[in-house]
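*Asks:* My questions will all concern the structure given below.
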Amino acid sequence: MKKAIALSAFVLVSLFALAQAAPTALKPPKGSQVALLVFEDLQCPDCRRAAPLVEQASKTYKIPVVRHDYPLPFHSWSMEAAVNARYFDTKSKELGNAYRDYIFEHQPEVTPQNLRSFTEKFATEHKVEIPFVVDPQGKFAAEIKADKDLGVQVGIEHTPTIYVVSNKTQGKPFVEVVDRSQLFQLIDAMKRE
């Protein structure tokens, strides 16, 4: 009986902590009223399919997209691609996002053996040097782990997970996009509230 009560208390405390963390993590960047938050894996075929729609919504509504790397452990090159994207982020966020889009575009052709070649080609086309070892201190890997930890904290169960988020304090400040055909309607609703 005591074990059951202790377990119930632990579950309640954990759920409360999750409920408290989710709203603070699911906010638009400063200065934005509404944004799209995406947890994605660069090797995930469904993330590849979702990326153009997210980009289209961002441009249509002139709202930012906040991308979180969430490489899945069973994907053989997604973590390395995410590290590379973080490297390009250090040059500019736009360049990092362009790399992510480039990898999505070429995803069917990418393998663990040729990812470096794709990365070098992208770097050359954008006049950026790519070091032989991209993340020698593990800084980018730590940032990716922080994204994954955040995803776990808010209850990510799949990639891509897309949220429409707002900075409103009343009602629901975020909604997960479960049916991507409803993305524009969800943005419209969030902007109206």
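The values are calculated or read from the model by the stated rules, or taken from the named source; none is laboratory data. Values in this document were obtained by computation on a predicted structure and should not be read as measured data. So basically every Cβ, Gly included, is an ideal-geometry build from the backbone, and we count neighbours across all protein chains shown. Keep in mind that these areas ignore ligands, DNA and RNA; they rest on the heavy atoms of the full protein, side chains included. Shrake-Rupley method; radii C 1.70, N 1.55, O 1.52, S 1.80 Å.
*Asks:* How about segment 80-131: which of its residues are touching a Cys at 6+ places or on another chain (Cβ under 9 Å) and more than 19 Å from Ile144 (Cα to Cα)?
*Replies:* Gln107, the sole residue that qualifies.
*Asks:* Collect the residues in segment 49-72 that are charged (D, E, K, R) and touching a strand residue (DSSP E or B) at 6+ places or on another chain (Cβ under 9 Å), keeping them in residue-number order.
*Replies:* Glu55, Arg67, Asp69
*Asks:* If the Cβ limit is 8 Å and pairs must be 6+ apart or interchain, which residue in segment 88-103 that is touching a residue at least 24 places away in the same chain (Cβ under 8 Å) pairs with which residue that is of a type in the set (D, E, K, R) and open to solvent by less than 20 Å² (accessible area, probe 1.4 Å)?
*Replies:* Arg100/Glu40
*Asks:* If you take the residues in segment 161-171 that are surrounded by 12 or more Cβ atoms within 10 Å (Cβ to Cβ) and out of contact with any Asp or Glu (no Cβ under 8 Å at 6 or more places or on another chain), which one is farthest from Lys62 (Cα to Cα)?
*Replies:* Applying the filter and picking the extreme gives Asn167.
*Asks:* Check whether at least one residue in segment 18-28 is surrounded by fewer than 17 Cβ atoms within 10 Å (Cβ to Cβ), β-branched (Val, Ile, Thr), modelled with pLDDT under 95 and part of a helix (DSSP H, G or I), and report yes or no.
*Replies:* Yes; the residues of segment 18-28 include at least one that is surrounded by fewer than 17 Cβ atoms within 10 Å (Cβ to Cβ), β-branched (Val, Ile, Thr), modelled with pLDDT under 95 and part of a helix (DSSP H, G or I).
*Asks:* So, one more: Are there any pairs, at least 6 apart or on different chains, whose C-beta atoms fall under 7 Å, with the first in segment 46-72 and on the phi > 0 side of the Ramachandran plot and among the hydrophobic types (A, V, I, L, M, F, W, C) and the second loosely packed, with under 14 Cβ neighbours inside 10 Å and outside any helix (DSSP H, G or I), and if so, which?
*Replies:* Listed by first residue and then by second, the contacts come to nothing, as the list is empty.
*Asks:* Show the residue pairs meeting these rules: Cβ distance below 9 Å; 6+ apart or different chains; first residue within segment 167-192 and free of Cβ contacts under 8 Å to residues at least 12 places away in the same chain; second residue in a helix (DSSP H, G or I) and of a type in the set (Phe, Trp, Tyr).
*Replies:* Asp188/Tyr61
*Asks:* Which of the following residues is of a type outside the set (Asp, Glu) and either in contact with an Asp or Glu (Cβ under 6 Å, 6 or more places away or on another chain) or within 23 Å of Asp135 (Cα to Cα) (or both): Gln107, Gln33?
*Replies:* Gln107
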